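The values are calculated or read from the model by the stated rules, or taken from the named source; none is laboratory data. Nothing here was measured: the structure is a model prediction, and the numbers come from that model. So basically every Cβ, Gly included, is an ideal-geometry build from the backbone, and we count neighbours across all protein chains shown.
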Amino acid sequence: MERTAIIGIGMTKQERRKESETFSDMVFEAVTKALNDAEMTIKDIDNIVTGCNDFWDGRTISSMAVGDASGAWDKNISCVEGDGTFVALYGLTRILSGSYRATLITAHSKGSESISSLITNAMFDPIYTRPLGLDAITSSALQAKCYMDKYGITEEQCAMVSVKNHRNAKNNPYSQLPMDLSVKDVLNSRRLADPIKLLDASPITDGACAIILADEGMAKRFSKHPVWIRGVGFCADAYHLGDRDLAECKSLEKAAKTAYRMAGIENPFKEIDVAEIYDAFSYQELMWSEGLGFCEKGEGGKLVESGKTEMGGSMPINPSGGCLSAHAVIAAGLIRIAEAVLQVRGGAGKRQIPDVKTGLAHGINGPCGQSHCVWILGE
Amino acid sequence: MNKWLETVEPLVYESRIKVPYTWSVGEVGSRFLIELRDHKKIYGTRCPKCNIVYLPPRKTCSQCFFNLDEWVEVGPQGTLITYTLVHYESSMMPMKSPFAYGIILLDKANTGLVHLLDEVKSEEIKTGMRVEPVFKDERTGDIMDIRYFRPVR
Ligand SMILES: [Zn+2]
């Protein structure tokens, strides 16, 4: 792969309700920060890919509604309707095509403006599944039960993920729910859909993120601290939940393998210094840890118990606080990439892990992690 | 960011994106739903190459890209693969909480069907439990012609 770098990142604070701002206001803030970070102006950008979801935005062609805020006038702008990791992937392929040199990636959503259960219900097949009222929480509960039963994962182990990530969020000024919690607090929180309780679930969030991708020449010209893309992998599983073995995440295993091969990584647990992974629910951090090969299948619970995924552990996961502490859908995966960039640069402030050479960012799309996208970033 | 905005109450515009919609269910969907409506029978489509019976029925095998036209009656009984007991309300949910969803592997099918569970105490729901569908008396050609699944007694 030709060398491509991330040379700028910007994000808004992630909050429960940004009542004073439109979604394009949020995008403008993130883009302005990313340009400043890259020491570029909008004139240096030759194309834009936005991450927008028409249902979350409450309008169609929502990418056009963030065109001005992304500085897209008179430029090529395209859109991915999905998680930010997939938006960035499309941006990367544009650079690799040789047609573009500096791609601005944006992603945003305002969870506060609609009703999450109704929006996520709409991701299901309108004829066979939507009439059941299934949504992101209830479908994930079906997966959590399946996974936890198969491998003997306990609710306490899931709760430990929530405790860890909310504590990590205390070091992240952009996160929404920094909290000191106990396992007991999580276990005693309101039951949503068994085995998922309120504190096992990510919150409703408003937020946006932007990053700038550049080819090698542009990266060297503009950036003192380019973070290089060493590997990317993605894979999709079946759409209908009943077609899949929900206790497994085969598409993640495949995506990770592809990314590792590209990056020349043989032992991910040893060679990756920090991981930002898409923990929409606490059980997912355990399940995705297995899929990413950080531990054997079914050992995700033991991994969190070992303390290795804590800030001071050998494989810190989600020092940002993860999606459990702030979950702006669509933006969330791009925020994982931006957080990994900060870690590799050594610019993550109080949430910095010492001596990060290689960082991993992960995003999901579709119900119960139907698709996965894995990024390996390095110095 | 904007000092002026701090001196006033920010306005929000309240509306909705509700749009009536009519989805074609196609040849496969029509046959499946007509069997439900007229005969209380559940049919899947089978891929002869992969020997997979799909439920809900598909026109194309996801594994081998083969066009499927072999119909197989499945169920009506099946086995519960996973379930969840729901404790909150949402306007798309057809039952008042607490109620349960399950994924059911109907006999002779190879893929699971997501549906509702009822006529069972929550503590009695178990993975691996045998269940059967309860049909509506007045059926309209809709997945909800199956009201829910209940334990086989
Ligand atoms: Zn086949």
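Annotations
- Residue that is nearest to the ligand (Cβ to nearest atom) [pool: residues in the range B:36-65 that are of a type in the set (A, V, I, L, M) and within 16 Å of A:Asp243 (Cβ to Cβ)]: B:Ile52
A quick yes/no check of all residues on (1) under 30 Å from B:Gly44 (Cα atoms); (2) among the hydrophobic types (A, V, I, L, M, F, W, C); (3) crowded, with 22+ Cβ neighbours inside 10 Å:
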| position | (1), (2), (3) |
| --- | --- |
| A:Ile127 | yes, yes, no |
| A:Gln143 | yes, no, yes |
| A:Asp180 | no, no, no |
| A:Arg191 | no, no, no |
| A:Ile196 | no, yes, yes |
| A:Val227 | no, yes, yes |
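- Of the candidates A:Glu290, A:Glu253, A:Glu276, A:Glu285, the single residue that is of a type in the set (Asp, Glu), within 18 Å of the chain's Cα centre (by Cα), more than 14 Å from every other protein chain (Cβ to nearest Cβ) and under 30 Å from B:Thr45 (Cα atoms) is A:Glu253.
- Top-ranked residue of the range A:10-33 - restricted to ones that are more than 16 Å from A:Ala72 (Cα to Cα) and β-branched (Val, Ile, Thr), ranked as modelled with the lowest pLDDT: A:Thr22
- Test: residue in the range A:204-220 that is under 30 Å from B:Arg58 (Cα atoms) and not charged (D, E, K, R): no
- For the range B:15-26, filtered to residues that are of a type outside the set (Lys, Arg) and closer than 13 Å to A:Ala122 by Cα, the residue that is nearest to the other protein chains (Cβ to nearest Cβ) is B:Ile17.
- Filtering the range A:257-276 to residues that are outside any helix (DSSP H, G or I) and among the hydrophobic types (A, V, I, L, M, F, W, C) leaves A:Ile265, A:Ile272, A:Val274, A:Ala275.
- Here B:Glu132, B:Glu89, B:Glu119, B:Glu123 are screened, and the one residue that is farther than 26 Å from B:Pro57 by Cα and touching a strand residue (DSSP E or B) at 6+ places or on another chain (Cβ under 9 Å) is B:Glu119.
- Note on the range A:290-367: enclosed helices (runs of 4 or more DSSP H) holding 1 or more residues that are without any contact (Cβ under 8 Å) to a residue 24 or more places away in the chain are A:300-305.
- A single member of A:Ile61, A:Ile119 is within 14 Å of chain B (Cβ to nearest Cβ), surrounded by fewer than 22 Cβ atoms within 10 Å (Cβ to Cβ), under 21 Å from the mean Cα position of the chain (by Cα) and of a type outside the set (S, T, N, Q), and it is A:Ile119.
- Being more than 9 Å from chain B (Cβ to nearest Cβ) and not acidic (Asp, Glu) is a property that A:Arg94 has.
- Residue tally, condition within 14 Å of A:Ala247 (Cα to Cα) and surrounded by 17 or more Cβ atoms within 10 Å (Cβ to Cβ), over the range A:152-169: 1
- Pairs, first farther than 28 Å from A:Ser117 by Cβ in the range B:65-91, second within 16 Å of the ligand (Cβ to nearest atom) and β-branched (Val, Ile, Thr), C-beta under 7 Å, six or more apart: B:Asn67/B:Thr60; B:Leu68/B:Thr45; B:Leu68/B:Thr60; B:Glu70/B:Thr45; B:Trp71/B:Thr45; B:Val72/B:Val53; B:Val74/B:Val53
- Taken together, the residues in the range B:101-117 that are surrounded by 20 or more Cβ atoms within 10 Å (Cβ to Cβ) and more than 9 Å from chain A (Cβ to nearest Cβ) amount to 2.
- Among the residues listed as B:Glu89, B:Glu73, the single one being away from the ligand (no atom under 16 Å from the Cβ) and more than 23 Å from A:Leu134 (Cβ to Cβ): B:Glu73
- Of all residues in the range B:118-143 being within 11 Å of chain A (Cβ to nearest Cβ) and buried (at least 16 other Cβ atoms within 10 Å of the Cβ), the one that is farthest from B:Val25 (Cα to Cα): B:Ile125
- The set of residues in the range A:1-14 that are crowded, with 20+ Cβ neighbours inside 10 Å and more than 13 Å from chain B (Cβ to nearest Cβ) comprises A:Thr4, A:Ala5, A:Ile6, A:Ile7, A:Gly8, A:Ile9, A:Gly10, A:Met11, A:Gln14.
- Only listed residue being within 14 Å of chain B (Cβ to nearest Cβ), in contact (Cβ under 8 Å) with a residue 40 or more places away in the chain and closer than 30 Å to A:Phe28 by Cβ, chosen from A:Ala247, A:Ala208: A:Ala208
- Residue in the range A:38-51 that is in contact (Cβ under 8 Å) with a residue 60 or more places away in the chain and within 12 Å of chain B (Cβ to nearest Cβ) present: no
- Pairs where the first residue, in the range A:1-12, is touching a residue at least 40 places away in the same chain (Cβ under 8 Å) and outside any strand (DSSP E or B) and the second is buried (at least 24 other Cβ atoms within 10 Å of the Cβ) and among the charged types (D, E, K, R), C-beta under 9 Å, 6+ apart: A:Thr12/A:Asp206
- Reported count of residues in the range A:118-141, each being in contact with a Gly (Cβ under 8 Å, 6 or more places away or on another chain) and closer than 28 Å to A:Ala338 by Cα, is 1.
- Criterion (over 17 Å from the mean Cα position of the chain (by Cα), at negative phi and not charged (D, E, K, R)) met by exactly one of A:Ile9, A:Ile45: A:Ile45
- Assessment of the range B:27-35 against the conditions (within 12 Å of another protein chain (Cβ to nearest Cβ), more than 13 Å from the ligand (Cβ to nearest atom) and loosely packed, with under 15 Cβ neighbours inside 10 Å) yields at least one matching residue.
- B:Lys136 meets all of the listed conditions (1) closer than 19 Å to B:Leu36 by Cβ; (2) in contact (Cβ under 8 Å) with a residue 24 or more places away in the chain but one, namely (2).
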